[in-house]
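Structure first, commentary second.
The values are calculated or read from the model by the stated rules, or taken from the named source; none is laboratory data. Remember, predicted model here, so these are calculated numbers, not experimental data. Every residue, glycine as well, gets a Cβ built from its backbone with ideal geometry; the counts of neighbours run over all protein chains shown.
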Amino acid sequence: MAKELDFLTKRSEDYSKWYNELVVKADLAEQADVRGCMVIKPYGYAIWEKMQRILDDKFKETGVQNAYFPLLIPKSFLSREAEHVEGFAKECAVVTHYRLKTNETHDGVIVDPAAKLEEELIIRPTSETIIWNTFKNWIHSYRDLPLLVNQWCNVMRWEMRTRLFLRTSEFLWQEGHTAHATREEAEERAKMMLKVYADFAENCMAVPVVQGVKSETERFAGALDTYTIEAMMQDGKALQSGTSHFLGQNFGKAFEVQFLNRDNQPEYAWATSWGVSTRLMGALIMTHSDDNGLVLPPALAPTQVVIIPIYKNDEQLQKVDEAVAPIVAELRQMGISVKYDNADNKRPGFKFADYELKGVPVRLVLGARDLENGTVEVMRRDTLEKETQRLEGIAARVKDLLGDIQQNIFQKAKTFRDAHIYECEDYEEFKQRVKDGGFFLCHWDGTPETEARIKEETQATIRCVPFGVEQTPGTDMVSGKPAVARVLIARSY
RNA sequence: CGGGGUGUAGCGCAGUUGGUAGCGCACCUGGUUUGGGACCAGGUGGUCGCCCGUUCGAGUCGGGUCACCCCGACCA
């Protein structure tokens, strides 16, 4: 008889607690013994690797190449662009010395005061400065443009409060940096990369996103425009899942990146930068998972199908092994990742629960009963539905089922999100309802004052001016002034 | 940096008026089990965050200190 055990806090009881427990128990990551830092465990990293591979291919299709730049940035670089330094100054880790020595009692080490750096080095919070300092040497002519580079790396931002995947002091990401000869081309690139992100979020992660442009106050430090994809989590809060910035000539001017155009005239290069981080893992988890654990889209699941044998003795196991082998081979041939878990140290019930916790999309169960009847039990993780099917032709049906699941979880997330997007004209009503989460489409007069007031009174922020929303003029619900467009307002992570 | 809280086994916790530390899970060994998180028996594992003090004696009382967590301000 199974004991009453709480493996996971109920999602509805305490969303934050549920999320944290899920990340740890599904074996994705854990808090490191270093302030605000995270250890990504093999299972979590396998998902991240899959994301990386898919994204990287998409970048390359648009002509981007990978490169790598230093972790340490001289302090002077960071201060070259005024807004940029202001935006990041409060959260920079600084390297001041380059040597340790044993202390006087010889039972520890201290920083050697003699090894103080003349100029401090900043651990990159983002790499615009060091990359544009390099671009200066690479760009001389319009023939050198566009320059399209990306780097996969870690960055560090000394955040006050951290949460696994959503906000950690150190995080893994990809940052693309491009230089262009014209404003139009740079703007087009920034929008193009946002589309790449949106496509990835919706078609691979099955996470529906709202695309849009940030308000002035929410812009990236040093950008002229910041484009964003915003996803809705199951508690109704928004998660900024990826951003693409049009940086104008700010960095070109700050780092004196000039090129000679066709008319032999010097011009400053136009810039973009764009990035997504391990925060995407948080979006993935918080969009699909349920009280039984993770739900992974087949496109990103490290194991897409798990097969579990039921047996009473070695003889029975051997028969199941024989029946399973051709199925595994066939599925692999179809490019489907399969795990046959015939380990004898865990009982079937444990395996069922464990693979559900880890979000494996499809489970096949085969026992003596099935061998007699030529059947197999198929369970899909998204709906938890079980069905006994004929063993014959099972591989093809599993492949279809994986496609179904990918579609279904996207639709489910989209239906949920769309049901929680509201148009709102009344500020008092807004104040009441925004507490319960959801996205609010409201007219905004475009002033930072109104924006600040909403934030102060409701903790909600303008997520973006959404694209693809039919815009009609109206009245700002806060100030009563005329407004040209509706903006997306929500509480966010 | 403001407000609140917690530090006892790998994790979650209990520990009474001060008397020399315990429970559940996990782990190890053996056996029985195996179609939804098995059971029985035995076992390993602790400078009670750290320092100072009170005391014959401190996980427990007092002072200090450090760390972490939650709520704000900041953020991908």
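All but one of (1) assigned to a loop (DSSP other than H, G, I, E, B); (2) crowded, with 18+ Cβ neighbours inside 10 Å; (3) in contact with an Asp or Glu (Cβ under 8 Å, 6 or more places away or on another chain) hold for A:Lys10, so report the exception by its number.
In the conditions (1) assigned to a loop (DSSP other than H, G, I, E, B); (2) crowded, with 18+ Cβ neighbours inside 10 Å; (3) in contact with an Asp or Glu (Cβ under 8 Å, 6 or more places away or on another chain), A:Lys10 misses (2) alone.
With respect to A:Val295, is the statement that it is assigned to a loop (DSSP other than H, G, I, E, B), surrounded by 24 or more Cβ atoms within 10 Å (Cβ to Cβ) and in contact with a Lys or Arg (Cβ under 9 Å, 6 or more places away or on another chain) true?
In short, yes.
When region A:451-493 is examined, which residues are found to be assigned to a loop (DSSP other than H, G, I, E, B), among the charged types (D, E, K, R) and more than 16 Å from RNA strand B (Cβ to nearest atom)? Lay out the reasoning, then the answer.
We begin by selecting, within region A:451-493, every residue assigned to a loop (DSSP other than H, G, I, E, B); these are A:459-460, A:467-473, A:476-481, A:484, A:491, A:493.
Still in the list and also among the charged types (D, E, K, R): A:470, A:476, A:481, A:491.
Within region A:451-493, A:Glu470, A:Asp476, A:Lys481 qualify.
Filter region A:223-260 down to the residues that are out of contact with any Lys or Arg (no Cβ under 9 Å at 6 or more places or on another chain) and under 20 Å from A:Phe416 (Cα atoms) and list them by number.
Once the filter is applied, which keeps residues that are out of contact with any Lys or Arg (no Cβ under 9 Å at 6 or more places or on another chain) and under 20 Å from A:Phe416 (Cα atoms), region A:223-260 yields A:Ile229, A:Met233.
Can you give me the number of residues within region A:377-400 that are more than 26 Å from A:Gly438 (Cβ to Cβ), within 16 Å of RNA strand B (Cβ to nearest atom) and in contact (Cβ under 8 Å) with a residue 40 or more places away in the chain?
Counting residues in region A:377-400 that are more than 26 Å from A:Gly438 (Cβ to Cβ), within 16 Å of RNA strand B (Cβ to nearest atom) and in contact (Cβ under 8 Å) with a residue 40 or more places away in the chain gives 5.
Checking the conditions here, which among A:Asp400, A:Asp370 is over 24 Å from the mean Cα position of the chain (by Cα), surrounded by 19 or more Cβ atoms within 10 Å (Cβ to Cβ) and more than 25 Å from A:Asp27 (Cα to Cα)? Steps first, answer last, please.
On the way: A:Asp400 fails: surrounded by 19 or more Cβ atoms within 10 Å (Cβ to Cβ).
On inspection, the qualifying residue turns out to be A:Asp370.
Six or more apart or on different chains, Cβ under 7 Å: which pairs go from a residue in region A:333-352 that's part of a strand (DSSP E or B) to one that's charged (D, E, K, R)? Could you list them?
Correct list of pairs: A:Val338/A:Arg332.
Residues that are modelled with pLDDT under 95, among the acidic types (Asp, Glu) and in a helix (DSSP H, G or I): does region A:207-217 have at least one?
Yes, because at least one residue in region A:207-217 is modelled with pLDDT under 95, among the acidic types (Asp, Glu) and in a helix (DSSP H, G or I).
Give the residue that is farthest from RNA strand B (Cβ to nearest atom), with candidates limited to residues of region A:25-53 that are part of a helix (DSSP H, G or I) and free of Cβ contacts under 8 Å to residues at least 24 places away in the same chain.
Result: A:Arg53.
Can you confirm whether region A:306-320 contains a residue that is at pLDDT 95 or above, crowded, with 22+ Cβ neighbours inside 10 Å, within 23 Å of the chain's Cα centre (by Cα) and within 16 Å of RNA strand B (Cβ to nearest atom)?
No; the residues of region A:306-320 include none that is at pLDDT 95 or above, crowded, with 22+ Cβ neighbours inside 10 Å, within 23 Å of the chain's Cα centre (by Cα) and within 16 Å of RNA strand B (Cβ to nearest atom).
Which of the following residues is surrounded by 20 or more Cβ atoms within 10 Å (Cβ to Cβ) and among the charged types (D, E, K, R): A:Glu81, A:Glu61, A:Glu30, A:Glu86?
Testing whether each residue is surrounded by 20 or more Cβ atoms within 10 Å (Cβ to Cβ) and among the charged types (D, E, K, R) leaves just A:Glu81.
Matching residues to (1) more than 16 Å from RNA strand B (Cβ to nearest atom); (2) modelled with pLDDT under 95:
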position: A:Phe259; (1), (2): yes, no
position: A:Val276; (1), (2): no, no
position: A:Asp290; (1), (2): no, yes
position: A:Pro298; (1), (2): yes, no
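Among the candidates A:Gly222, A:Gly282, which residue alone is within 14 Å of RNA strand B (Cβ to nearest atom) and out of contact with any helix residue (DSSP H, G or I) (no Cβ under 6 Å at 6 or more places or on another chain)?
Just one listed residue meets the conditions, A:Gly282.
Can you confirm whether A:Gln65 is at pLDDT below 85 and either more than 18 Å from the chain's Cα centre (by Cα) or in the same structural domain as A:Ala179 (by TED's automatic domain parsing) (or both)?
no
Working carefully through the options A:Pro266, A:Pro208, find the one that is within 21 Å of the chain's Cα centre (by Cα), surrounded by fewer than 24 Cβ atoms within 10 Å (Cβ to Cβ) and not small (Gly, Ala, Ser).
Every option except A:Pro208 fails the conditions.
Would you be able to tell me the number of residues in region A:301-332 that are assigned to a helix (DSSP H, G or I) and of a type in the set (Val, Ile, Thr)?
Qualifying residue count for the region: 4.
Anything in region A:342-358 that is over 26 Å from the mean Cα position of the chain (by Cα) and more than 8 Å from RNA strand B (Cβ to nearest atom)? List them, or say none.
A:Asn342, A:Ala343, A:Asn345
Examine region A:29-46 for a residue that is modelled with pLDDT under 90 and polar (S, T, N, Q), and state whether such a residue exists.
Checked against the condition, which is being modelled with pLDDT under 90 and polar (S, T, N, Q), region A:29-46 yields at least one hit.
What tally of residues in region A:75-112 results from selecting those that are closer than 26 Å to A:Met160 by Cβ, of a type outside the set (A, V, I, L, M, F, W, C) and touching a strand residue (DSSP E or B) at 6+ places or on another chain (Cβ under 8 Å)?
Summing the residues that are closer than 26 Å to A:Met160 by Cβ, of a type outside the set (A, V, I, L, M, F, W, C) and touching a strand residue (DSSP E or B) at 6+ places or on another chain (Cβ under 8 Å) in region A:75-112 gives 3.
Among the residues in region A:177-184, are any touching a residue at least 40 places away in the same chain (Cβ under 8 Å), within 12 Å of RNA strand B (Cβ to nearest atom) and either among the aromatic types (Phe, Trp, Tyr) or farther than 30 Å from A:Val39 by Cβ (or both)? Spell out the reasoning first.
Going through region A:177-184, the residues touching a residue at least 40 places away in the same chain (Cβ under 8 Å) turn out to be A:177-183.
Next cut, within 12 Å of RNA strand B (Cβ to nearest atom) only: none.
No.
Any residue in region A:55-68 that is assigned to a helix (DSSP H, G or I) and either under 20 Å from A:Gly252 (Cα atoms) or among the hydroxyl-bearing types (Ser, Thr, Tyr) (or both)?
No, region A:55-68 contains no residue that is assigned to a helix (DSSP H, G or I) and either under 20 Å from A:Gly252 (Cα atoms) or among the hydroxyl-bearing types (Ser, Thr, Tyr) (or both).
If you take just the strands (runs of 3 or more DSSP E) that sit entirely in region A:72-164, which of them hold at least 3 residues that are in contact (Cβ under 8 Å) with a residue 24 or more places away in the chain?
A:72-74, A:94-97, A:116-123, A:147-156
Only residues in region A:234-245 that are not assigned by TED's automatic domain parsing to the domain that holds A:Gln211 count as the first member; pair them with residues that are assigned to a strand (DSSP E or B) and more than 7 Å from RNA strand B (Cβ to nearest atom), Cβ under 6 angstrom, at least 6 apart or cross-chain, and list the lot.
none
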